1. Show me the ranking of peptides B:425-433, B:55-63, B:353-361 by mean Cβ neighbours inside 10 Å, starting with the highest.
2. Looking only at other chains, what is the average number of their beta-carbon atoms within 10 angstrom of each beta-carbon in B:395-405?
3. Quick one: if you take sqrt(5λ) for each eigenvalue of the C-alpha gyration tensor of chain B, what semi-axes come out, biggest first, whole angstrom?
4. For the rotation bringing A onto B, which A residue has its Cβ nearest the axis, and at how many Å?
5. Please list the non-local residues whose amide H lies under 5 Å from the amide H of A:LEU99, H modeled 1.01 Å from N, same-chain partners needing a gap of 5 or more.
6. Which residue fluctuates the most in chain A, going by a Gaussian network model with Cα springs under 10 Å, if the choices are A:ARG345, A:ARG282, A:ARG139?
7. Scan around B:LYS386 for amide H atoms under 5 Å from its own, H built in the peptide plane at 1.01 Å from N, and keep only partners 5 or more places away or cross-chain.
8. Output, in nm with one decimal and in ascending order, the distances from the A:GLU331 label point to the matching label points of the other copies (7 Å from Cα along Cα-to-Cβ).
2 protein chains.
Amino acid sequence: MTKKIAILGAGLSSTSLINYLLERAVIYDWQIVLGDYNLALAQQKINGHAKGKAIQFDVKNQAQVDSVVSENDLIVSMLPAMFHYQIAASCVKFAKSMLTASYVSPEIKALEDQAKSAGIGIFMELGVDPGIDHMSAMRIIDRLHAEGSEITAFYSSTGGLIAPAYDNNPWNYKFTWNPRNVVLAGQGPSKYIENGLYKYIPYHRLFKNTMQTSIDGVGEFEIYPNRDSLKYRQTYKLDTIPTLLRGTLRRVGFAKAWDVFVQLGATDDTYIMENSSEMTNRQFINTFLPYSKDQSVESKLQALLPNIIDETVMEKLTWLDLFAETPITIEKASPAQILQSILERKWQLDEGDKDMIAMQHRFDFTDANHQMKQITSSLVVFGESKETTAMAITVGIPLAIATKMVALEQLVLTGIQVPVTKEIYEPILDELKEFGIEFNEKEITI
Amino acid sequence: MTKKIAILGAGLSSTSLINYLLERAVIYDWQIVLGDYNLALAQQKINGHAKGKAIQFDVKNQAQVDSVVSENDLIVSMLPAMFHYQIAASCVKFAKSMLTASYVSPEIKALEDQAKSAGIGIFMELGVDPGIDHMSAMRIIDRLHAEGSEITAFYSSTGGLIAPAYDNNPWNYKFTWNPRNVVLAGQGPSKYIENGLYKYIPYHRLFKNTMQTSIDGVGEFEIYPNRDSLKYRQTYKLDTIPTLLRGTLRRVGFAKAWDVFVQLGATDDTYIMENSSEMTNRQFINTFLPYSKDQSVESKLQALLPNIIDETVMEKLTWLDLFAETPITIEKASPAQILQSILERKWQLDEGDKDMIAMQHRFDFTDANHQMKQITSSLVVFGESKETTAMAITVGIPLAIATKMVALEQLVLTGIQVPVTKEIYEPILDELKEFGIEFNEKEITI
């Protein structure tokens with residue numbers, strides 16, 4: 001019987017997923033429906049494919065959500081995360097399995113029993129982070145546990161960055177995905193465990209609290225902790241591990257310069273600034289600095305943050321036109337919105353630019369012979385173009401493979417599922433190699 | 001006709017208010033109903049007074065709220081601020097005027113038209129801060145404006161502190177009111193205007209950003225900014241003033257030591273710590289410090305905050321038993337809750353201790369003859385006992401006087417009212433003098 005697969009959302013990160021499924025639709029006799037609020041965009045992505053159909057789809061129209069879910073066999077949601085509960089609830093109602101790349105929210109978690117009763121799987125966290133990070137970590141964790149090793153430390157970090165060949169600004173950074181998420185990253189305390197001791201780092205100290213690492217072929221990186229590493233002890237079956245830290249990868253020197261914005265309060269998204277549309281970049285920075293009759297903005301910044309401001313940080317700030325009288329034209333904006341607008345002018349991808357996804361796991365462990373060892377497992381994926389980015393590939397392909405597995409009934413789990421079990425991660429990781437998505441693993445004795 | 005006045009809430013800060021109204025009930029033939037969830041407490045405060053009656057009152061019982069409001073002529077609410085909307089809505093329904101010492105919330109502000117239609121006044125912000133601060137500031141502002149002066153700067157600060165004679169710890173501070181509010185004070189950015197420039201100070205820089213002042217007879221203080229000074233430009237009819245800052249008064253050196261908690265993240269109330277009931281004070285501090293195999297908590301703190309930690313700060317921290325292995329016994333607690341419990345053991349009022357309210361306004365202005373001048377207006381009130389605190393007196397007496405004025409129909413305004421108009425503040429400030437609540441005003445040429 002022809003399987004009908006609905007993909008909701010035709011945005012940038014859906015391209016690789018759509019192409020993968022359209023190609024296999026011919027082989028497996030699937031019908032692909034691609035829904036987007038922007039019908040033209042969906043039509044462009046289907047590009048006249050015989051097995052594809054574009055429709056105008058409005059997630060705010062509950063009747064349409066229910067009709068699309070009920071008319072298809074399988075629902076893949078690439079919509080913004082906030083809409084997933086609504087889709088999931090409809091999937092439960094019509095007993096249709098669903099797949100997404102987003103985090104399991106507490107609301108969706110609460111659908112566990114209903115999903116099981118309906119006999120459907122809600123497969124989530126199937127992108128890159130979360131997604132490939134879970135799969136690749138669990139493959140090593142399960143192997144080490146099977147070999148009788150005891151894991152004493154696990155560090156896992158991912159970064160969406162500009163590929164080295166196109167890295168041509170002093171920040172070694174460009175926006176390769178949602179700028180707003182980059183500006184707000186890390187807000188709230190970061191929680192991890194180190195040598196058996198819980199550690200809580202407030203946001204205003206986060207970017208001072210970095211580690212360094214290197215990845216073969218692409219060089220040096222720094223890592224700052226993500227918000228909550230503690231909950232991954234359960235996810236990864238590492239409940240008693242003494243050290244676990246998940247982090248974000250940036251090029252060396254990024255954190256120190258970004259810390260200027262954190263220290264100033266320029267990433268705050270909780271209030272609207274007065275007269276934002278009448279300010280310039282320089283005046284924006286000055287609102288966070290003490291009043292002075294005769295000191296320049298630069299001198300006041302230096303005096304306020306003597307341990308941060310140095311020549312390389314000033315070079316980065318100046319390159320952003322932060323001290324220029326460039327008008328900010330956004331009305332009723334928060335500091336974070338204004339900062340984002342300043343960054344977007346400078347951190348945009350240029351024509352021909354390609355992005356990069358870098359991921360690295362490090363495991364310290366004692367093997368069955370009481371030998372202390374360390375495994376480093378690294379992944380680097382480059383984008384193919386401004387459209388087929390590394391982000392779109394690494395988010396879309398694992399999700400697409402999982403969709404194929406569910407469509408072909410190779411994956412028949414029910415309830416809320418994340419890819420931490422062998423039956424999900426093994427076939428996906430194996431097939432990812434065909435797309436050049438493969439980890440480079442090194443083991444040393446320590 | 002006998003006026004019936006209901007007072008809701010018989011807690012610590014109600015004592016002065018209750019006594020004032022009971023005394024005048026004899027003269028003016030009022031009937032006072034005092035409602036509290038704790039009937040025994042209400043009975044104790046009424047103390048058999050012929051004009052008083054104690055009742056058990058449960059604000060969560062809407063039927064009882066409606067019956068108390070409908071059976072009385074005037075409602076004075078000393079309940080926690082979160083209940084005021086509910087009381088106000090009932091007052092609108094039964095067309096009874098209401099008085100409180102709390103801030104006007106947006107929800108209550110929205111009752112403006114209904115209160116006017118019902119012909120009732122909802123009189124708020126009638127305590128000390130907000131309350132006496134508004135009244136005393138507006139008296140000077142109205143006078144200066146009437147004299148043709150132009151106000152160029154207004155600084156206004158208040159502090160609830162321990163009276164100098166009982167000030168015997170290195171922090172020069174004890175809890176004289178709600179400890180939770182003290183621990184959470186200042187969270188979120190502080191907003192003010194200085195020489196025509198907007199200034200936004202993030203919480204993590206707030207306690208580094210102090211001014212100093214002195215008050216005759218009680219010595220030196222430091223001021224840190226309150227959260228939102230900008231909105232007072234409208235309240236005080238100072239829409240175009242170049243400099244306006246409202247702040248909190250503490251003894252000199254408090255802010256620097258308190259900043260240790262802010263920098264550590266120990267005042268965070270947004271998450272629950274793991275195993276809080278199994279920690280000691282020392283371990284609590286260590287959770288915010290980097291891991292080290294061989295450094296002490298004290299050395300790590302010094303290394304983390306080199307510009308804050310000095311001998312006097314360490315003396316303050318050590319005096320709090322912060323480095324001691326004192327067990328923290330609270331389960332599932334946030335950092336702020338744990339910190340509060342540590343502070344409550346040390347900052348409690350001893351038997352016989354008396355508190356102090358200090359308030360100071362400073363106005364810089366150019367008079368009608370183009371002469372630049374400065375007025376400093378200061379208030380100091382000492383508590384009479386652990387029960388009749390300066391806080392209870394300064395919150396209760398102005399509210400009680402306003403209640404008398406409404407009961408005697410000397411104050412017949414309708415809608416939501418705060419004491420920024422002459423007809424409210426003049427008689428209250430005049431009568432406050434009889435209670436020793438009087439500002440000391442000094443004017444100098446600058």
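Read the figures in this text as sums done on the coordinates, not as results from a lab. These numbers were taken from a predicted model, which means no experiment stands behind them. All Cβ positions, glycine included, derive from the backbone under ideal geometry; neighbour counts span all protein chains shown.
1. Ranked from most to least packed, the peptides come out as B:353-361, B:425-433, B:55-63.
2. 0
3. 38, 29, 20
4. Spelled out as residue then distance in Å, it is A:HIS204, 2.
5. A:ILE75, A:VAL76, A:SER77, A:PHE123
6. A:ARG345
7. Those qualifying (amide H under 5 Å, at least 5 residues apart or on another chain) are B:GLY352.
8. Ordered by increasing distance: 5.4 nm.
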